[in-house]
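Student: Take this structure first; my questions come after.
The values are calculated or read from the model by the stated rules, or taken from the named source; none is laboratory data. Since the structure is predicted, the reported quantities are computational estimates derived from the model, not experimental observations. Don't worry about glycine lacking a Cβ; one is built from the backbone with ideal geometry, like all the others, and counts go over all protein chains shown. The area values use the complete protein model at the heavy-atom level, side chains included, leaving out ligands, DNA and RNA. Shrake-Rupley method; radii C 1.70, N 1.55, O 1.52, S 1.80 Å.
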Amino acid sequence: MINKFVCQQGMRVLRSLEVLKLGVVNYLDALKLQEKLVLDRKSHRICDTLLSLQHPPTYTVGKRRTVHNLLIPQSELEQIGAELHYTQRGGDITFHGPHQAILYPIISLRDMGIGARSYVEKMELTMIEMAAQYGVKACPGLAGETGVWVGERKIGAIGVRISNGITSHGLAFNIDPDLSYFRHIVPCGIADKEVTSLRRETDSVLPPEEIIQEQLVSCFARIFGYDNLIWKEDASVVTDGTE
């Protein structure tokens, strides 16, 4: 029997990924959407889904609550136009902001047949492949250094949550964010290392950011083995029309 999320071509099952292009989204709104989609994915009401978006300036702290890596008083965050939110994802403190491509996968690792370590490695490969398209050689960090690096400079962060085999949160790839925001934290808890961006590391002329975000989605789909991408411009079809 073939459900509505897959189709067959000969003897091979084609895997579909629904991609929601959301533009700039407030962090808490994106978090609420993720929570709903995780429940929908657990109950098989939706197929694997990927949120592609950006956030206003936002610092987030993972479940280890390492807020000591925020280097300015929380009372001063409003002065620099940033918010702080606590989350249940793994990883340390990080920054999200404009000109940073963010992907939040809501996918079933059990259906895919992979574990948490393999999942994170594939997320790293997604950003490594993305950087390579612009002539930038990136690689995973050393032990204890999460994310993706160009030499000693971090270009992409990863922080995930897995609940009953369903993922949420995800990755953030620096296209051309205001890197001064990273001076107010110990990024991902790793001191004495710089943060960089695709703009800084490439000699290539960058296309519009929407194109780069679509390229990042395509890298993700290839590495995770999706055959069919279903693009949607907003979340209303999921939040309002889930059956």
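Student: Can you tell me which residue is farthest from residue 70 (Cα to Cα) among those in the stretch 189-243 that are at pLDDT below 90, open to solvent by 40 Å² or more (accessible area, probe 1.4 Å) and not in a loop (DSSP other than H, G, I, E, B)?
Tutor: 237
Student: Restricting attention to the stretch 19-57, report how many residues are open to solvent by 10 Å² or more (accessible area, probe 1.4 Å) and assigned to a helix (DSSP H, G or I).
Tutor: Looking only at that region, the number is 11.
Student: Let me ask something additional. Condition first: open to solvent by 30 Å² or more (accessible area, probe 1.4 Å), assigned to a strand (DSSP E or B) and hydroxyl-bearing (Ser, Thr, Tyr). Now tell me which residues in the stretch 140-165 satisfy that.
Tutor: Result: no residue meets the conditions.
Student: Kindly provide the set of residues from the stretch 171-188 that are modelled with pLDDT of 95 or more and either among the basic types (Lys, Arg) or in a loop (DSSP other than H, G, I, E, B) (or both), ordered by number.
Tutor: Listed by number, the residues that qualify are 175, 176, 177, 178.
Student: Let me ask you something else. Considering 165, 156, which residue is at pLDDT 95 or above and touching a Phe, Trp or Tyr at 6+ places or on another chain (Cβ under 6 Å)?
Tutor: Just one listed residue meets the conditions, 156.
Student: Which members of the stretch 99-139 meet the condition of being open to solvent by 50 Å² or more (accessible area, probe 1.4 Å) and over 17 Å from residue 158 (Cβ atoms)?
Tutor: Across the stretch 99-139, the qualifying residues are 99, 110, 111, 113, 132, 133, 135, 137.
Student: Of the conditions (1) within 26 Å of residue 205 (Cβ to Cβ); (2) among the polar types (S, T, N, Q); (3) assigned to a strand (DSSP E or B), residue 168 fails just one. Which one is it?
Tutor: Unmet condition: (1).
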